[in-house]
Every structure is written in C-alpha cells, then in structure tokens.
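Take a look at the structure below.
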Amino acid sequence: MRAYLPNVTKTLGGPDGWDTPFYVQNAGAVQTTVESSFYRFSDGAFIACHKRADLPPGASLLDDPNADVDLPADTQFSVVVRSYGAPVAAVVHQLQGSGRTTQAASYSGFTVGATTVYLPNVTRRFYGYDVPFIVQDLATAPATVTASFISFDGSSVFITQFTVQPGRSAVVDPDYTDGLQDGTQYAVTLRSTQPIGVVINAHNESLGPLAYSHDGLTAGANRLYAPYAVKGGPGGMFSPIVVQNVSPTTTDVTLTFAPIVGGAAQAFALASVAAGASRAFDPRFTLGTTIPCAAASATCLGPGEYSLTISAAGPIAAVVLPNTDTTAGAYLAAAELSGRAIVPVAMRSVGGTNGWSSSMYLLSAVGTAATLRYYRTADGTLSLVDRVDLVGGSSLKVDAR
C-alpha cells in the first residue's frame, strides 16, 4: 500500500523558501509501519528513507523536511510512502515566507494513478498567475507523458511530450514553456503510458503574493458536487468555477447554486463547451461578460454562500477557486459523494491564538447527520467525537476553532 507525493521541498529558494511538511494518516483498522523515500528532482537520486513503526488506526504522522538533517537544503523531492499493514492517506502543506509574504497551499497525496489526467485551469502570465504542474510516475516503468493545451477561446493548441522515471517527478512551467502564449488560460489533458499523479501549484507574485494547489482530475462525471461557493464573502471572497469538458463531443453545462442558509436556487448555463476545452464562471460578472453585477437575476449570481452542483450531458471535471485580493484557494468538485471521508490533518490555533485553524464544509445529498472523530496527531488518541446535523442538498461549515 502506497501514497505518492509529487512535490516535497526543503528551504527551496533559500532559508525563507518553500517548506512542505506532510502528514500521513493510517486509514485502516490496525497498526501500520510507514516508510517515506525521498528522491531528488534534479537527478532522480535516492536521498533518504524515514520510518515510523506502529502508527495507530486513525492517527497521523508528521514529517517536516526543514527539520530533517538527512535532507539537503534548497532542494526539491518526490516522495514515495509505503505502508506495511494498513492503507494510508496523505496531505502536503506547502509554505513559504512570513508575515505579509506568507504563501500557503496544500494538496492530497495519491494512492492510485491514472493514464489520463485533466487540468481545467492552467495559465501563463494571466493577471499575474503562473500555474506550473508537477507529474509523478506511480508505476515501476518509465512514463512517456503527452500534455495537450487548449486555450479557453479555442484559438490556440499546443502539445508537448516528456518522460518521467518511476517514483520520480517532472515539472511543466507554462511561463517558461516555448509555444504557450502570455495572458492565456488553458485546459490541459495529460495522457501517459504509465499511471501518474499530478499536482498544480499556482503562484501570483504580483498580488499578495498568492498561491494555491490542487490535484489533477482522473475522471469526469455527468454531475459534480462542490460544497462551497461564494460571492461577496468575508474579505470580499468570491469563487470562480472552471469546468472542463472531458467527453469526446461538445456539451452544455449547468451550474446550480443553492444558498447554504436556505432559499431559492439559481442556475446558469455555459453553452457549447468544446471537447477537451474549459469554460469559466466568475460570479462577479454578468454571465458571459466581464461586466460587474450585484443583484440576483437570470444572468447574475446574488451575494451569498452556496453549495453547488454542476451537470452536463457528458462527463465534465471542475475546480472551484475561492479567493480574495489577498488570499487564494482551490479544490476539486467531487464526482460522487461518500459516507466516509479521511482528513489527515485538522488544526486548531496551531502556533497561537492567531495560528493555523481548519474549517470543513460537509455537503449532504440526503443524509441528516454526520459524526466527526478527531484523533491527536502526536499519539493517535481519540480526542473528540462530534455529531452534527445536516440538511439534504445543502452544506454545513464545521470550524475547528
């Protein structure tokens, strides 16, 4: 049983550079032993293996590269996590800077790969955003990967190919890829000869600075679920949604926003999205334009917090991008809902009163209650059992503070 982490770093860029502590959670019912193997990006060399024995069920281990004396500084790694006894889940926190220069982004590790991966929103110097993506080979043989880029307006198509060694990672940075155009958004489809995992790391150094991450999508569905979308939220937060058509034919897409506090839903259509292409819905603007709008109408989403469903005649994939002028975030719309979710780390005031805290949104299809069990990372002790009430078709915020 394995988990793969395409991008792990130690002081990358200098003493105040990128650090990526990661958490590995025992998702099984028995104790397990976990080994984490680090491979250097620059030459693929094996650098170190960290071992933790007897990780209890539900518990998580923390590995912070900045604290690991056996890892070289200013270095980027791919990591392969092997578990002997139980399945595991992993999450990576990517951190850089301090104070006003702090950037933070997270992604989930991969337990399975795919030979086709979809990236709905990749940009090159688009309002300050560069969106590189990192590809890890999850197989035992080299992977030949073909990346196909289609601009949102359909006017530009670009294809590149590269090879990734087993367990290792390779990066494609649009800002430094000849053939891509400045000021452009692309939908990207990756096809590989071996299963791969892909993580996007978006950066905007001209605003903030800002960063967000998310995993690549390995499949689409005719109906997607997003627990949280917002317009006019705290700090002016808003949530653009980017939908990629992963079917072989053109399709129409419908986005339905249901207010979390209750009330009438609003629906909007993205017409004729071409095969492989993406289309964005930005709640700040009148549908299909860049004209700002405020009041709810047939072409304008009203202010508020929403749960969201996205539907189409053919399979689609989507990413939701909650952000403000000083913060950025991203998560993937879910292709299906599950009765159980694993969260490798949740925080409450870590670092002090104003330190890191976690919030979660639970979206229910028909269920009326959920039970959350919190295990202390240090020793796996069950610290809290919390039961919350749910409303079918709506979302609930759970704040760890």
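The values are calculated or read from the model by the stated rules, or taken from the named source; none is laboratory data. All figures in this text were calculated on a predicted structure; none of them were measured in a lab. Using ideal geometry, Cβ is built from the backbone for each residue, glycine included, and neighbour counts are taken over all protein chains shown.
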Out of the residues in region 296-324 meeting the condition of being assigned to a strand (DSSP E or B) and without any contact (Cβ under 8 Å) to a residue 40 or more places away in the chain, tell me which one is surrounded by the most Cβ atoms within 10 Å (Cβ to Cβ). Cys300
Could you go through region 149-168 and let me know if any residue there is β-branched (Val, Ile, Thr) and touching a residue at least 40 places away in the same chain (Cβ under 8 Å). yes
Which numbered condition trips up Ala280, out of (1) at pLDDT 95 or above; (2) within 18 Å of Met237 (Cβ to Cβ); (3) part of a loop (DSSP other than H, G, I, E, B)? (3)
From Gly380, Gly367, Gly352, grab the single residue that is modelled with pLDDT under 85 and either in a strand (DSSP E or B) or surrounded by 12 or more Cβ atoms within 10 Å (Cβ to Cβ) (or both). Gly380
Which one of these is on the phi < 0 side of the Ramachandran plot and not assigned by TED's automatic domain parsing to the domain that holds Gly304: Ala280, Ala202, Ala267, Ala274? Ala202
